[in-house]
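The values are calculated or read from the model by the stated rules, or taken from the named source; none is laboratory data. This one's a predicted model, so the numbers in the text were calculated from it and none came from an experiment. Cβ sites come from the backbone with ideal geometry, for glycine too, and all protein chains shown count toward neighbours.
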Amino acid sequence: MWNGNHSRKQYSRHSGFGHGVDYMYELALNNVTLVDPDNGVWCGSIGMSDGIIATISEDVLSGDTAIDATGLLAFPGLVDPHTHFGMKGNVTEDFQASTRAAIRGGVTSALVFFRTGHPYKETLEPFIEQARAGSLIDFGIHCGLLTPEHLAEIPWLIEHGVTSFKFYMGYKGFEKARYGSSQAMDDGFFVDVIAALTPYRDKVVLAVHCENPELTARYRHSISPQGTQFLDRFNQENPPDAEAEAIWKAAFLSNRGGVPLYVVHLSSAEGASAVRQLKNLPSKRPMWVETCPHYLVTDTSNRFGPMAAVLPPLRAPGDNEVLWEEVLSGAICTVGSDHCSYQRSEKVTEDGQLVPQAFGFGEVGHTLSLLLEEGRRQRQMPLADIARCTSRNSAKIFGLYPSKGSLRPGADADIVLVDLEQEWSLPLPDLDMSIYEGRTVTGLPVMTIKGGRVVAQGLTLNSGAKLGRYLHRG
Ligand SMILES: [Zn+2]
């Protein structure tokens, strides 16, 4: 039953733009179970035309294409808040390969981190053009703030649709190697970043990678590599308290400037404890917290060793249960993939060592199935909560709602249909390597609809999928 914000009179049995029941939609999904992040789970029909959801109805609708979706769930297309499409090699090709996986797995929009030591006035538009030539999904950009010139460019970036920015606490000491900047990512520059964003605090979000590299450097020297598995050692070298301490600092400094804070990729029980304590303190602005599937569903026992190296690292068994508690409580409100499309050979040397600085792995497109398996099946996570943390919350935080992250009339017709009973084996075929290889999950994305067109079916891409667009925000 429709029980949205609109009056019952306008929307009794049929909510939309005034079409009668005989109206022919371009695409109609009938008898589908809507997993509506705003209104819960209910059975109805969705009529789509001109790339948007035109109608939500309790009646069966007519369409140029009409699909009987009995027994299937319709989620809003996923909005992945954290990806690194185009981070290496040819930008267009990386977008193409990564977004093929995204589409198969029901991801129809993403926010992409773009960072460079060069000015954005020279680099942003070429990056967007190259991305648009390959991306099969809609994408917005978060920009890393890495130099004093970047801070001066903030008004220009906002004009160009970038309203979220990133500060990398963990990269202090690695600035040259990572992005060729001579500006230290220290606390002084962090304060400068917050001061530069403060005049725009009503329209921007600051995403922060919370790790204190001085602590990690201290631990690195005190750990004996002998007899320790790679992922255990890597966790000890980049320990949870380095994350927790950095969260306290990021919250303190950003709150002082009144700048909304988005903690990316929360990984540890100790970090979750910091979040819990901070959420109980008065604060001027919101603090949102993201985690990633890999911190929820795997740990240092992952059999792929160096291939599973990521920062922050996979944690010891047990930490993920604490993160689940915070996902279920809503304190962690988004799940982002942190997708980096490394090939196996770029990640691990022939003798099995980690290639220096090759942190991260391909993951986009797996989020929904992993949450259905580990969240819903194993921990009774409500379906509407899965829709909230995979689409609506990211869309709201990053200025894309209600076009994205919603199943209401007027939203973009981006939908993923799921068969909850069907098993499949990860990974998606577009990824050269996956830390989930061999894992079976129940909950298959059987169809992805993007802009009112069916673009993937049964994990297979339809030919002629259209390119996505750049999401100019603000
Ligand atoms: Zn990342």
Q: Go through (1) part of a helix (DSSP H, G or I); (2) over 30 Å from Val348 (Cα atoms); (3) hydrophobic (A, V, I, L, M, F, W, C) one by one and return the number of the condition Ala244 breaks.
A: (2)
Q: Out of Asp385, Asp430, Asp414, report the one residue that is outside the structural domain of Ala102 (by TED's automatic domain parsing), surrounded by fewer than 24 Cβ atoms within 10 Å (Cβ to Cβ) and not hydrophobic (A, V, I, L, M, F, W, C).
A: Asp430
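Residues checked against (1) more than 20 Å from Val335 (Cα to Cα); (2) within 16 Å of the ligand (Cβ to nearest atom); (3) touching a Phe, Trp or Tyr at 6+ places or on another chain (Cβ under 7 Å); (4) among the β-branched types (Val, Ile, Thr):
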{"position": "Val264", "(1), (2), (3), (4)": "no, yes, no, yes"}
{"position": "Ala272", "(1), (2), (3), (4)": "no, no, no, no"}
{"position": "Phe304", "(1), (2), (3), (4)": "yes, no, no, no"}
{"position": "Ala316", "(1), (2), (3), (4)": "no, no, no, no"}
Q. Across the range 184-216, which residue is farthest from the ligand (Cβ to nearest atom) among those that are crowded, with 17+ Cβ neighbours inside 10 Å and part of a loop (DSSP other than H, G, I, E, B)?
A. Arg201
**Q.** Subset of the range 322-359 [modelled with pLDDT of 95 or more, surrounded by fewer than 24 Cβ atoms within 10 Å (Cβ to Cβ) and either among the basic types (Lys, Arg) or within 14 Å of the ligand (Cβ to nearest atom) (or both)]
**A.** Cys340
Q: Go through the range 411-438 residue by residue and tally those that are out of contact with any His (no Cβ under 9 Å at 6 or more places or on another chain) and more than 17 Å from Val107 (Cβ to Cβ).
A: 10
Q) Just to be sure, is Thr92 modelled with pLDDT of 95 or more, of a type in the set (Ser, Thr, Tyr), touching a helix residue (DSSP H, G or I) at 6+ places or on another chain (Cβ under 8 Å) and under 14 Å from Val416 (Cα atoms)? A) no
Q.
So, Glu437, is that one out of contact with any helix residue (DSSP H, G or I) (no Cβ under 9 Å at 6 or more places or on another chain) and in a loop (DSSP other than H, G, I, E, B) or not?
A. yes
Q) Are any residues in the range 87-97 closer than 17 Å to Arg469 by Cβ and within 13 Å of the ligand (Cβ to nearest atom), and if so, which ones? A) none
Q: Need at least 2 residues that are touching a helix residue (DSSP H, G or I) at 6+ places or on another chain (Cβ under 7 Å) and under 23 Å from Gly170 (Cα atoms) per element, so show me which helices (runs of 4 or more DSSP H) inside the range 315-390 make the cut, counting only ones lying wholly within it.
A: 319-329
